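Trainee: The structure is given below, and queries will be raised subsequently.
The values are calculated or read from the model by the stated rules, or taken from the named source; none is laboratory data. All values reported here derive from a predicted model rather than from experimental measurement. We place every Cβ from the backbone using ideal geometry, glycine too, and count neighbours over all the protein chains shown. These accessible areas exclude ligands, DNA and RNA; they are computed on the full protein's heavy atoms, side chains included. Shrake-Rupley method; radii C 1.70, N 1.55, O 1.52, S 1.80 Å.
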Amino acid sequence: MCENLRVTSDASILHADLDAFYASVEQRDDPRLRGRPVIVGGGVVLACSYEAKACGVKTAMGGRQARVLCPQAIVVEPRMRAYTAASRAVFEVFRQTTPLVEGISIDEAFLDVRGLRKVSGRPADIAAVLRRQVREKTGLPITVGVAPTKFLAKVASAVGKPDGLIVVPVGGELAFLHPLAVERLWGVGPVTSAKLRQFGITTVGRVAGLGEAALVSMLGVAAGRHLHALAHNRDPRPVQAGRRRGSIGAQSALGRTRQSPEAVEATVAALADRVTRRMRSAGRVGRTVMLRLRFADFSRASRSHTIARPTAHTATILEAVRGLLVQAQPEIALRGITLVGISVGNLGDGRSVQLELPFGPASGEELDAALDAVRERFGSSAVTRAALVGRAPSLEMPLLPD
Ligand SMILES: [Mg+2]
């Protein structure tokens, strides 16, 4: 009996992701743009419509290259306020669907619809209703993947794009996953993809056929284990509704050799960059900035500063951290620094915060959004702040609890 119950249970995790979000908002609001290639962002491509994607234009591509590929494209400036309003309306539909919503970014979320069968029907029906409601209430196309794990739901929505719905049933996970190209695996960017293809590994099924040890020797410990687990669809993460982490942080070991103040400052800038990027992708803003230091004698110190308005803006957070670093300079000079960490606390929901004015095309938020887009596509090391050029990346690890 128990086994029967397990067999008939449905995949219950939805990954809902708006299609070409910024570009779709532009096409919705200006009928002249509909059915035509649209590029949002003149410098770096922040988003592009499917008509532009058909010419080879991609998110995070340079504007000049995009215009060469697609000379007939219409380039529009981003309107962040319109996108934020659309995001709020879409998340309202998510929350009416189920209380278990985990926002991932401005335009995507995981939803757990387990236990809603009697009220709302099967997960596939719930997903169909959700797509229709988003279309009716916001005029935007959205793709939904339904699967037993978060990872697979996200893969399914990517495969189903645009304006699609894909359901991966319990028991059908590997049959769906294994024929896909390796690039569908979360974490496989151009570098890993090239390495795998060099060994003739082109599909997820081929990755699954390798032992973990072979993958580790090919890609390193972290990436090897990660891909081994994903290729077997091992992803135990639950949907975490309203996850409210107290703070988001990162730290970097500096080693025992004495660092120049400039080197410490460059490390801090890289940490601020990383932390604010994580905040933005989690849709969070924060007010309390903390600098943590460990000295050569293993003693520790921390300093914090609370800024006027919650933000995830890199330059604003970095300015606060630099102020703290200047205050700590005498202590650093005296005791020698071996580890530096920063964290941002007092976190709130970034989607409900009024975006900062002025909102010209060169605003900090748009620069941040452009850099995020480039990194999402090409990996974290693709863009480096000027202060870091020529330095090896320092070892980073998750922030340790106090
Ligand atoms: Mg999207």
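Trainee: Report, to the nearest whole %, how much of the accessible area of region 1-142 belongs to carbon and sulfur atoms, 1.4 Å probe, protein only. Don't skip to the answer; put the middle values down first.
Mentor: Working: 3720 of 6960 Å².
Carbon-and-sulfur percentage of accessible area, whole number: 53.
Trainee: Sticking with this structure for a sec: Give me the number: length gained by fully extending Arg197 to Arg237, i.e. 0.36 nm times residue separation minus the C-alpha to C-alpha distance, one decimal in nm.
Mentor: 11.5 nm
Trainee: With a Cα-only, solvent-free Debye model of the chain, what are the log10 I(q)/I(0) values at q = 0.08, 0.12, 0.13 Å⁻¹?
Mentor: Debye output, listed in q order: -0.49, -1.10, -1.26.
Trainee: Still on this structure, I have one more. What is the Cα centroid distance between region 202-249 and region 71-147, reported in whole angstrom?
Mentor: Taking the Cα centre of each part, region 202-249 and region 71-147 sit 26 Å apart.
Trainee: Given the Cα-Cα distance of Cys55 and Gln96 and 0.36 nm per residue of separation, how much length would full extension add, in nm? Mind dumping the intermediate values first?
Mentor: Numbers: separation 41, 0.36 × 41 = 14.76 nm, distance 3.74 nm.
Separation in residues times 0.36 nm, less the Cα-Cα distance, equals 11.0 nm.
Trainee: Angle, helix 364-378 long axis vs. longest principal axis of the chain, Cα atoms, 0 to 90°, nearest 10?
Mentor: The helix 364-378 is inclined about 70 degrees to the chain.
Trainee: Name the residue from Thr192, Ala301, His228 whose Cα lies farthest towards the positive end of the charge dipole of region 175-314, charges +1 on Cβ of Lys and Arg and -1 on Cβ of Asp and Glu.
Mentor: Ala301
Trainee: Treating only the Cβ atoms of Lys and Arg (+1) and Asp and Glu (-1) as charged, compute the dipole magnitude of region 256-317 about its Cα centre; round to the nearest 20 debye.
Mentor: Details: 13 positive and 4 negative charges, 61 e Å.
Dipole magnitude for region 256-317 comes out near 300 debye.
Trainee: Taking the Cα centre of region 1-152 as the origin, how large is its charge dipole in debye, to the nearest 20, when only Lys and Arg (+1) and Asp and Glu (-1) carry charge on their Cβ atoms?
Mentor: On the way: 22 positive and 16 negative charges, 42 e Å.
With Lys and Arg at +1 and Asp and Glu at -1, about 200 debye.
Trainee: Probe radius 1.4 Å, ligands and nucleic acids ignored: give me the carbon and sulfur share of the accessible area of region 175-252 as a rounded percent.
Mentor: On the way: 2280 of 4010 Å².
Here carbon and sulfur together make up 57 percent of the probe-accessible area.
Trainee: Test of understanding: extend the Cα→C-beta vector of Arg256 to 7 Å, then name every residue of region 313-337 with backbone N under 16 Å from that spot.
Mentor: 336-337
Trainee: Please give the peptides 94-105, 302-313 ranked by average Cβ packing (other Cβ atoms within 10 Å per residue), highest first, as a rough proxy for protection.
Mentor: On the way: 94-105: 18.8, 302-313: 16.7.
Packing order, densest peptide first, comes out as 94-105, 302-313.
Trainee: State, to one decimal in nm, how far the label point of Phe295 lies from the label point of Val68, with both points 7 Å from Cα in the Cβ direction.
Mentor: Those two pseudo-labels are separated by 5.5 nm.
Trainee: Once you put a point 7 Å from the Cα of Asp29 and another 7 Å from the Cα of Trp186, both along the Cβ direction, what distance in nm separates them?
Mentor: In this crude label model, Asp29 to Trp186 measures out at 3.1 nm.
Trainee: Still on this structure: Whole number in Å², please: accessible area per residue of region 161-250, 1.4 Å probe, ligands, DNA and RNA not counted. Walk me through the intermediate numbers first.
Mentor: Values: 4720 Å² over 90 residues.
With the other protein chains kept in place, region 161-250 gives 52 Å² per residue.
Trainee: Among the aspartates and glutamates, which have Cα under 16 Å from the Cα of Lys154 when same-chain residues fewer than 8 positions away are ignored?
Mentor: Within the straight-line cut-off, Lys154 pairs with Asp17, Asp19, Glu102, Asp107, Glu108, Asp112, Asp163, Glu173, Glu183, Asp235, Glu376.
Trainee: Over region 1-140, with the other protein chains present, what is the accessible area per residue in square angstrom, probe 1.4 angstrom?
Mentor: Details: 6930 Å² over 140 residues.
For region 1-140, the solvent-accessible area averages 50 Å² per residue.
Trainee: Further question: Using alpha carbons only, how many degrees (0 to 90, rounded to 10) separate the axis of helix 261-281 from the longest principal axis of the chain?
Mentor: 20
Trainee: Only sites in a loop by DSSP and with at most 16 other Cβ atoms within 10 Å count here; which trypsin sites (Lys or Arg not before Pro) in region 26-73 make the cut?
Mentor: On the way: sites: Arg28, Arg32, Arg34, Lys53, Lys58, Arg64, Arg67; in loops: Arg34, Lys58.
Those satisfying the criteria are Arg34, Lys58.
Trainee: Could you work out how far helix 80-97 tilts from the main Cα principal axis of the chain, as a 0 to 90 degree angle to the nearest 10?
Mentor: 60
Trainee: With +1 assigned to the C-beta of every Lys and Arg and -1 to the C-beta of every Asp and Glu, and no other charges, what is the dipole magnitude of the chain about the Cα centre in debye, to the nearest 20?
Mentor: Working: 54 positive and 36 negative charges, 56 e Å.
Magnitude of the dipole: close to 260 debye.
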